[in-house]
Amino acid sequence: MRIEIDNGSGFCNGVVSAICKAESELDTTGTLYCLGDIVHNSDEVERLRKRGLVTITHDELSSLKGVKVLLRAHGEPPSTYKKAEENGIEIIDATCPVVLHLQKRIKEAYASRRPDQQIVIYGKRGHAEVNGLVGQTDGTAIVIEDRDGLAQLDYSRDIILYSQTTKSINGLQDMIEEIKRRKSADTEFRYYDTICRQVANRVPRLKEFAAAHDMILFVSGKKSSNGKILYGECKDVNSRTHLISNPEEINPEWLDGISSVGICGATSTPRWLMEDVKDYITRLCAKNG
Ligand code: SF4
């Protein structure tokens, strides 16, 4: 059996930097609070929990005072910074620079908007990054997840469209074409491709990798947005692609008649977890002779 881990899979720069910041603080103090899961991968969250990282909710943030809290790569709305200041909380800001830049652009667009303009974000409603983006507009930005969401827009008014950093390029293109088709001729439509290339640029290589193996194990937490997208891209070229969170989810029957397995993952998938999957398959093959 040939088993290969995709070298292009795994943590993106934003996640690497957030985890480095957390680990360096934990090395010194042994305890650190993190607002929400530091990464959409429960195995990595558990590894860091054992090192002293305590995941808290926004409600819990309100009741804490004088502690250090890490903000993860997804970013936060201005209300979080305000709450931290009120409670004497020291922020360790691990917001990814790509997200920070997008927040700044949306904030500026909102500050200089005309009354007839609608700020629209193509993204997943309730996702931490999207909440941070909507927060730049005092909660007024309209979030669209898909074509159904386009019904919320007023096509007789101007539209400015941005994208959550981890959405698919094809999905955004579809939204752009659909808005162009629906809008009144005399309205202005400005759109910006704000998708992070750390995800999008992986797609062509990942497809090649998926096509080169009999079966693909895509390792990703269930909450990862880019995990869903990248898994879908693999599945498109290799129907024997399975989405798993960890080795325990592997069904040994998947290996029947297979001579090569490719292991890949999302920007939130730790390398050590893909190595665990490889070891598991190796042991399974040895057991089955
Ligand atoms: S996917 Fe891109 S924007 Fe999101 S955390 Fe990673 S590097 Fe930053």
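Spin-label pair Lys207-Glu23: with each label point 7 Å from Cα along the Cα-Cβ axis, the two points sit 3.4 nm from one another.
Mind checking the angle between helix 13-29 and the chain's longest principal axis? C-alpha axes, 0 to 90 degrees, to the nearest 10. The angle comes out at about 80 degrees.
In this label model, Ala185 and Trp272 are separated by 6.3 nm, measuring between points 7 Å along each Cα→Cβ vector.
Would you kindly state how much longer the chain becomes between Thr140 and Lys287 on full extension, computed as 0.36 nm times their sequence separation minus their alpha carbon distance, in nm to one decimal?
Values: separation 147, 0.36 × 147 = 52.92 nm, distance 5.78 nm.
Roughly 47.1 nm would be gained on extension.
Annotation: peptides 120-131, 152-163, ranked by per-residue average of other Cβ atoms within 10 Å with the highest first, follow the order 120-131, 152-163. Taking all C-alpha pairs of the chain, those more than 33 Å from each other amount to 32 percent.
With angles folded into 0 to 90 degrees, how steeply does helix 202-211 sit against the dominant principal axis of the chain? Use alpha carbons for both and round to 10. The answer is roughly 30 degrees. For segment 147-289, the convex hull drawn through the C-alpha positions has a volume of 114 cubic angstrom per residue.
Taken over segment 222-287, the percentage of Cα pairs per 5 Å bin, counting from 0 up to the bin with the maximum distance, is 3, 15, 28, 26, 19, 7, 2, 0.
With the simple spin-label model, which puts each label point 7 Å out from Cα in the Cβ direction, the Thr55 to Arg197 separation comes to 3.2 nm. The dipole here belongs to the chain: it is taken about the Cα centre, uses +1 on the Cβ of Lys and Arg and -1 on the Cβ of Asp and Glu, and is about 320 debye. Listed by chain and number, the lysines whose alpha-carbon sits under 28 Å from that of Lys228, ignoring those within fewer than 8 places in the same chain, are Lys21, Lys50, Lys104, Lys124, Lys167, Lys180, Lys207, Lys278. Find out how many positive minus negative residues lie around Thr187, taking Lys and Arg as positive, Asp and Glu as negative, among other residues whose Cβ is under 11 Å from that of Thr187. Summing Lys/Arg as +1 and Asp/Glu as -1 gives 0.
Straight-distance candidates among the lysines for linking to Lys183, with alpha-carbon spacing under 20 Å and chain neighbours fewer than 8 residues away dropped, are absent.
Just so you know, all these numbers are worked out from the coordinates, no wet-lab data involved. Since the model is a prediction, treat every value here as computed from it, not as a measurement. Quick reminder, even Gly has a Cβ in these numbers, built from the backbone with ideal geometry, and neighbours come from all protein chains shown.
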